[in-house]
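Quick notes on the structure that follows.
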Amino acid sequence: MSTLRHTITDAGRRELAEVPGAMITSTAAKALAVLRIATGFVFLWAFLDKTFGLGYSTASAKAWIHGGSPTKGFLASVDVGPLQSAYHTIAGAWWADWLFMLGMLGVGVALITGVGLRVAAGAGGLIMAMMWFAEFPFAQHTSAGDPSGSTNPLTDYHFIYAAVLLVLAFTYAGDTWGLGRLWARLPFVHDHSLLR
């Protein structure tokens with residue numbers, strides 16, 4: 001109940017109209033904060049490992065700071081779906097590397113700090129959609145006829161991450177253990193709820 005009262009006090013009646021009769025418990029708010037921080041670390045870790053080659057999915061020699069490409073290996077190996085040739089074309093392009101890495105960094109930092117969660121949900125959702133199309137779980141076989149390894153034709157971890165981002169953005173998950181409330185008080189954020 002205290003979370004809802006605080007939201008109404010901070011954002012006014014306009015915000016109340018967005019959540020008629022909604023209430024979130026303190027325990028649920030903390031659970032959402034844990035989910036937010038953990039999901040943010042997934043995005044931030046991908047950025048750090050690809051940038052510095054920490055040896056988990058990226059070897060040091062293939063790190064971005066050593067001239068490696070964060071997108072080349074993944075996009076060049078796409079062997080299913082309608083975007084296969086498009087992904088092969090952009091694999092390793094400097095602009096694709098920069099957009100991907102800035103997206104991973106931005107979404108990770110936004111989630112961990114609890115600011116700009118709606119923008120982060122949009123950007124992260126777009127990243128997840130593009131990666132979903134790269135793995136194209138509809139396909140049971142690759143373009144070479146080999147099994148694709150898809151275990152579910154619709155829902156996979158990309159879809160789940162995108163759904164988590166939406167839940168976090170629209171439940172004000174950045175207000176608990178984050179800077180969401182402070183962020184919401186900034187005049188340009190208060191005037192543009194999409195930035196919340």
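Derivation of every value follows stated rules applied to the coordinates shown; laboratory data play no part. No experiment lies behind these values; they were computed from the predicted model shown. Cβ: placed from backbone, ideal geometry, glycine included. Neighbour counts: every protein chain shown.
Going by amide H atoms built from the backbone, whose H comes under 5 Å of the H on His141, apart from near neighbours?
Here Ser148 satisfy the definition.
If one computes the Cα centroid of region 155-173 and of region 56-71, what distance in Å separates the two points?
Comparing the Cα centres of region 155-173 and region 56-71, I get a distance of 28 Å.
For a protection proxy built on the mean count of beta-carbon atoms within 10 angstrom, sort 46-55, 152-161, 118-127 highest first, please. All intermediate terms of the calculation are to be shown ahead of the outcome.
Numbers: 46-55: 18.0, 152-161: 13.7, 118-127: 20.4.
Most protected by this proxy first, the peptides run 118-127, 46-55, 152-161.
Please check which bits of region 113-129 a label hung off His192 would reach, taking the label as a point 7 Å along Cα-to-C-beta and the cut-off as backbone N under 12 Å.
It comes to 119, nothing else.
Among the helices of the chain (complete DSSP H runs), which have Cα atoms covering no less than 27 Å along the helix axis and a Kyte-Doolittle mean of at least 1.0?
Going by DSSP H runs, the hits are 26-52, 94-113.
Please work out whether region 28-88 counts as rounded, prolate or oblate from its C-alpha gyration tensor, where a ≥ b ≥ c are the square roots of the eigenvalues and a/c under 1.5 means rounded, while otherwise a/b larger than b/c means prolate and anything else oblate?
Oblate, because a/c is 1.5 or more while a/b does not exceed b/c.
Identify, among Met130, Leu83, Val107, the residue whose Cα sits farthest towards the positive end of the charge dipole of region 31-172, taking +1 on the Cβ of Lys and Arg and -1 on the Cβ of Asp and Glu, with the dipole about the Cα centre.
It is Val107, whose Cα lies furthest towards the positive end.
Please label the shape of region 127-196 as rounded, prolate or oblate, based on the square roots a ≥ b ≥ c of the eigenvalues of the alpha-carbon gyration tensor (a/c under 1.5 means rounded; beyond that, a/b larger than b/c means prolate, else oblate).
Note, shape of region 127-196 comes out prolate.
For region 173-187, what does the Karplus curve 6.51 cos²θ - 1.76 cosθ + 1.60, with θ = phi - 60°, yield as ³J(HN,Hα) per residue in whole Hz, taken in order and with x for Gly and Pro?
My calculation for region 173-187 gives 5, x, 6, 9, 6, x, 9, x, 5, 4, 4, 5, 7, 5, x Hz in order.
By the gyration tensor of its Cα atoms, with a ≥ b ≥ c the square roots of the eigenvalues, what is the shape of region 31-172: rounded for a/c under 1.5, prolate for a/b over b/c, or oblate?
oblate
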